[in-house]
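Everything below concerns the one structure shown next.
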Amino acid sequence: MLLLLHRHQVNISLSTLKRRLRSLRLKRKLTGSRNTISSYNDVVNAIITEMGCSGRCIGHRSMWYRLKIEWGIRFPRDEILRLMRIVDPEGIRVRKRRRLHRRRYICKGPNKVWHVDGYDKIKPF
């Protein structure tokens, strides 16, 4: 902040500076080859490779995390979602449909099937 005041004659608080940096999505530049990938082609290729093996049924948050940890790719999560919608639109639709999956029970009589849920806490009594 002293640099802004002395060089550019801008006097703002630290919280305002942080808020403006966050709104512009500006962060520190990470050094090293593992932390920077600049082209969309590299990210798309990594997504396609992950979807070819075990990443077929994961969502965009898990894909973002996997790309960050295993591939060393730093990329915005909303951009990962947009690229996944382009690369695999059918997979997105399938995962979206199964978001709220209700269970159906068929049992022979009363007290044959019990569903125990620790969060329920005798809600419907």
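Taking the condition in the same structural domain as Arg74 (by TED's automatic domain parsing) and modelled with pLDDT under 80, does Thr49 pass?
no
From the residues in the range 69-105 that are in a loop (DSSP other than H, G, I, E, B) and modelled with pLDDT of 75 or more, which one is surrounded by the fewest Cβ atoms within 10 Å (Cβ to Cβ)? Give the steps one after another, and end with the answer.
Let us first name the residues in the range 69-105 that are in a loop (DSSP other than H, G, I, E, B), namely 72-76, 88, 98-105.
Still in the running and modelled with pLDDT of 75 or more: 72-76, 88.
Working: Gly72: 15, Ile73: 19, Arg74: 15, Phe75: 20, Pro76: 10, Asp88: 18.
Here the answer is Pro76.
Taking the range 52-68 on its own, how many of its residues are closer than 17 Å to Asp88 by Cα, surrounded by fewer than 18 Cβ atoms within 10 Å (Cβ to Cβ) and not basic (Lys, Arg)?
Selection size over the range 52-68: 7.
The values are calculated or read from the model by the stated rules, or taken from the named source; none is laboratory data. Here the structure is a predicted model, which means the values were calculated and not measured. Every residue, glycine among them, receives a Cβ derived from its backbone with ideal geometry; neighbour counts consider all protein chains shown.
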